[in-house]
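Visitor: Dumping the structure here so I can ask a few things about it.
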Amino acid sequence: MGQPKALLPMGDELLIRRVVRNLIESQALSHILIVTGHSRDAIEAALCDLDVTFVHNDDYDAGGMLSSIQAGIRAVPAEANAALITLGDQPLVEPATIGAIVTSPQSVVIPSYQGKRGHPVLIARQHFDAVLALAPDETLKNFMTRQTHALELPVDDPAVVADIDTQEDYQRALKSMSSSREGQAHV
C-alpha cells in the first residue's frame, strides 16, 4: 500500500478505529488488545480514548503476523477463556458477525462466506500453547488446518473474506461502506 493501512481514512475515522469500533459495538468482548508493531505511536494515539490495551510486538519486522498473534495470545488476561484474532485491515466486519463468532460453543471458530474461510477467528485458551508453539516459518493457517474439530461458521457478511491489501481493495471497501450507509439512510 505504500503507507500504514491502519491509518487510512475510512469516512470520518481511521481504518483501525473502525475495526475497533466494530469490536466494541459487538458487545461480545470483555477485553480488546491491540498488538502494535509498525506505526505504534500513531495507532496508539488514534485509539487512546477507547477502552483497549496496547501490546507492542518488538519482533514485528522479523516475525511478521505470527509474532503479533503470539504477542497478543501471551497478553490475554487470565480470566479470558478465548481470543478473537481480528485483522487490523478488515474494517467492515459487522458487530453481529463478531457476536456470532464469539458466542459459538466451539473451541475454534472460523467464519466463512459463500464457502470461503475468513476472519476474525476464535481460539479457546486450551489451544493457546499450540499457537505459541508454531515455528517462525509457520502461520496461523497451519494451526487452523490441523484443527479437525474447528467449526466453520457460515455468515452472511462478505467482509470476513475481504481485507485491504491493495489500493483496489481500499477503494472497494470505501465504496461498500458508502453503499451500506446509503442503504441505512433509505430504510
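Visitor: For the range 107-144, which residues satisfy the criterion of being surrounded by fewer than 11 Cβ atoms within 10 Å (Cβ to Cβ) and assigned to a loop (DSSP other than H, G, I, E, B)?
Guide: Gln114, Gly115, Ala133, Ala135, Asp137
Visitor: If a residue must be among the hydrophobic types (A, V, I, L, M, F, W, C), out of contact with any strand residue (DSSP E or B) (no Cβ under 7 Å at 6 or more places or on another chain) and in contact (Cβ under 8 Å) with a residue 24 or more places away in the chain, how many such residues does the range 141-160 contain?
Guide: Total satisfying the criteria: 1.
Visitor: So which of Gly72, Gly64, Gly99 ends up being on the phi > 0 side of the Ramachandran plot and in a helix (DSSP H, G or I)?
Guide: Gly64
Visitor: Do you know which of the residues in the range 151-161 that are touching a Ser or Thr at 6+ places or on another chain (Cβ under 8 Å) and assigned to a loop (DSSP other than H, G, I, E, B) is surrounded by the most Cβ atoms within 10 Å (Cβ to Cβ)?
Guide: The extreme case among them is Val155.
Visitor: Could you please let me know if Ala46 is closer than 23 Å to Asp169 by Cα, assigned to a helix (DSSP H, G or I) and of a type outside the set (D, E, K, R)?
Guide: Criteria met by Ala46.
Visitor: Still on this structure: Out of all the residues in the range 140-158, which are over 16 Å from the mean Cα position of the chain (by Cα), within 16 Å of Ala124 (Cα to Cα) and not hydrophobic (A, V, I, L, M, F, W, C)?
Guide: Those that are over 16 Å from the mean Cα position of the chain (by Cα), within 16 Å of Ala124 (Cα to Cα) and not hydrophobic (A, V, I, L, M, F, W, C): Thr145, Arg146, Gln147, Thr148, His149, Glu152.
Visitor: Only one of (1) under 21 Å from Arg18 (Cβ atoms); (2) among the β-branched types (Val, Ile, Thr); (3) surrounded by fewer than 20 Cβ atoms within 10 Å (Cβ to Cβ) is not met by Ile98, so which one is it?
Guide: Result: Ile98 fails condition (3) only.
Visitor: Please work out which residue is farthest from Asp51 (Cα to Cα), limiting yourself to the range 17-41 and to residues that are part of a strand (DSSP E or B) and touching a His at 6+ places or on another chain (Cβ under 9 Å).
Guide: Among those residues, the one meeting the criterion is Gly37.
Read-outs: derived from the displayed coordinates by stated rules, not from any lab. Quick caveat, the model's predicted, so the values are computed rather than measured. Using ideal geometry, Cβ is built from the backbone for each residue, glycine included, and neighbour counts are taken over all protein chains shown.
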